[in-house]
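Here is the structure we will look at, set down as structure tokens.
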Amino acid sequence: MSILSAATIEDVARIAEVSIATVSRAIHNPEKVANSTRLKVNQAIAVTGYTTNAMARSLRLGRSNMILVVAPDIGDPNFSNILVGLENEARSHGYGILIGHTQNDAQRGLEYLKFLNSNQAAGLILFTGILPFGHQAMTARLPPCVGVFEPIYNGGIPYVGVDDTAGARKIVDMLIAEGHRRIAFIGDSRVRLAYNRRRKGYDEGMLAAGLTPAPAMIIEGDGTLESGRLAIEQLFMRDTLPTAFMCVNDQTAIGVMIGLSARGYDIPGDFSVTGFDDIPQAAFMSPALTTIRQPRTSIGKHAMALLLDLLGGQQPDHPEILLTPDLIVRNSVGAPARRLSSK
């Protein structure tokens, strides 16, 4: 094999001392190959740098082996790790990944709908929380779909994500155990199902402790840093201050922390702040943010496995797969301040 030439499946078979068919099975159906054989093949792949070309394989077979992943914002800190899980699982079964970035643009969504109807993708992973919309005939011909990260409105689409309600309940229970009774919910939304579920966990936790969520403590938001900062302004204008802030995601929580710091308040000395997601920035805030960690790579893996089952004709036993979130306790939560300073 020339150093300058691309490695072939024949090169892998020769180094692993197995047949080409065995290499193919080890790549595309690893469960059908003995562990020792699969290890030899994987070592040979590492030595040669061999990579499968899902697009070329699709052309040979006359059908697509590509999965389209449609996301509204590929810059979202949650996207990359979920994508790792999606791609690893797809690759292990001989599929490739295409990424469609809608940028919340309906026209871009329509373009991806046309792409799907041209049979260039075998299946669809949706981060958007809504089905692509356009001509009714095209929507009716969508390939198998799975929603991730954001449940799909009115689509009847299987969904894989974190248990948002359980995660929110963990946060509320922790804050109440610390002695907090006035807990604000920042980021309420009528259009984001994931945020609705987190609000449900907040309500359940408060009611279980005999506390009634005060309407003045519920602030709407869109999950951005700026919406968290603006929430602080709203609460100070209302002169209705909590002792703790439960934020719908980490971006919102960081905005809340910025807003409080700008007014000279200490976290957690004056106020406690929590987030949801555990994005990379959360651990590097000052103080480090207490939050809920989403098992993002595992979400991607389970979502792709479910889609591959659908492509194989298997129907899911349940419409949703909800993974257990972890409470990550850092330094942004403390006991309620006895009195707020006059800063």
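The values are calculated or read from the model by the stated rules, or taken from the named source; none is laboratory data. These figures come from a predicted structure and were not determined experimentally. Cβ placement follows ideal geometry from the backbone for every residue including glycine, while neighbour counts extend to all protein chains displayed.
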* Structure fact -> Exactly one of F236, F276 is in contact with a helix residue (DSSP H, G or I) (Cβ under 7 Å, 6 or more places away or on another chain) and either modelled with pLDDT of 95 or more or of a type outside the set (S, T, N, Q) (or both), and that residue is F276
* **A184 in contact with a strand residue (DSSP E or B) (Cβ under 7 Å, 6 or more places away or on another chain), of a type in the set (A, V, I, L, M, F, W, C), over 30 Å from K301 (Cβ atoms) and in contact (Cβ under 8 Å) with a residue 60 or more places away in the chain** => yes
* Could you check, for the range 279-286, whether at least one of its residues is at negative phi, surrounded by 22 or more Cβ atoms within 10 Å (Cβ to Cβ) and outside the structural domain of G147 (by TED's automatic domain parsing)? => yes
* Structure fact -> Here the residues within the range 40-81 that are modelled with pLDDT of 70 or more, assigned to a helix (DSSP H, G or I) and closer than 21 Å to K301 by Cα are N42, F79, S80, N81
* Hits in the range 97-111 (condition: surrounded by fewer than 20 Cβ atoms within 10 Å (Cβ to Cβ) and either at pLDDT 85 or above or at negative phi (or both)) -> I97, L98, I99, H101, D105, A106, Q107, R108, L110, E111
* Before we move on, is D266 under 25 Å from F79 (Cβ atoms), among the charged types (D, E, K, R) and surrounded by 13 or more Cβ atoms within 10 Å (Cβ to Cβ)? -> no
* Structure fact -> How many residues of the range 289-305 are crowded, with 21+ Cβ neighbours inside 10 Å, hydrophobic (A, V, I, L, M, F, W, C) and over 14 Å from S80 (Cβ atoms)? The answer is 4
* Considering (1) of a type in the set (A, V, I, L, M, F, W, C); (2) touching a Ser or Thr at 6+ places or on another chain (Cβ under 7 Å); (3) in the same structural domain as A122 (by TED's automatic domain parsing), say which one M304 fails and leave the rest. => (2)
* Go through the range 181-198 and give me each residue that's at pLDDT 95 or above and surrounded by fewer than 16 Cβ atoms within 10 Å (Cβ to Cβ). => R181, R182
* Asked: Can you name every residue in the range 92-122 that is touching a strand residue (DSSP E or B) at 6+ places or on another chain (Cβ under 8 Å), part of a helix (DSSP H, G or I) and in contact (Cβ under 8 Å) with a residue 12 or more places away in the chain?
  -> G109, Y112, F115, L116
* Structure fact -> Counted residues in the range 297-333 being of a type in the set (D, E, K, R), touching a residue at least 24 places away in the same chain (Cβ under 8 Å) and out of contact with any Leu (no Cβ under 9 Å at 6 or more places or on another chain) come to 2
* Pick from the range 295-328, criterion of a type in the set (S, T, N, Q) and within 15 Å of C145 (Cα to Cα), ranking: modelled with the highest pLDDT -> Q314
* To do: Specify the residue that is nearest to the chain's Cα centre (by Cα); the eligible residues are those in the range 2-20 that are at pLDDT below 80 and loosely packed, with under 13 Cβ neighbours inside 10 Å.
  => A6
* When you look at G201, is it in contact (Cβ under 8 Å) with a residue 12 or more places away in the chain, surrounded by 20 or more Cβ atoms within 10 Å (Cβ to Cβ) and on the phi > 0 side of the Ramachandran plot, yes or no? -> no
* Of all residues in the range 166-206, which are closer than 21 Å to M257 by Cα, in a helix (DSSP H, G or I) and small (G, A, S)? -> G167, A168
* Structure fact -> Considering only strands (runs of 3 or more DSSP E) wholly within the range 249-332, the ones with at least 1 residues that are in contact with a His (Cβ under 6 Å, 6 or more places away or on another chain) are 320-323
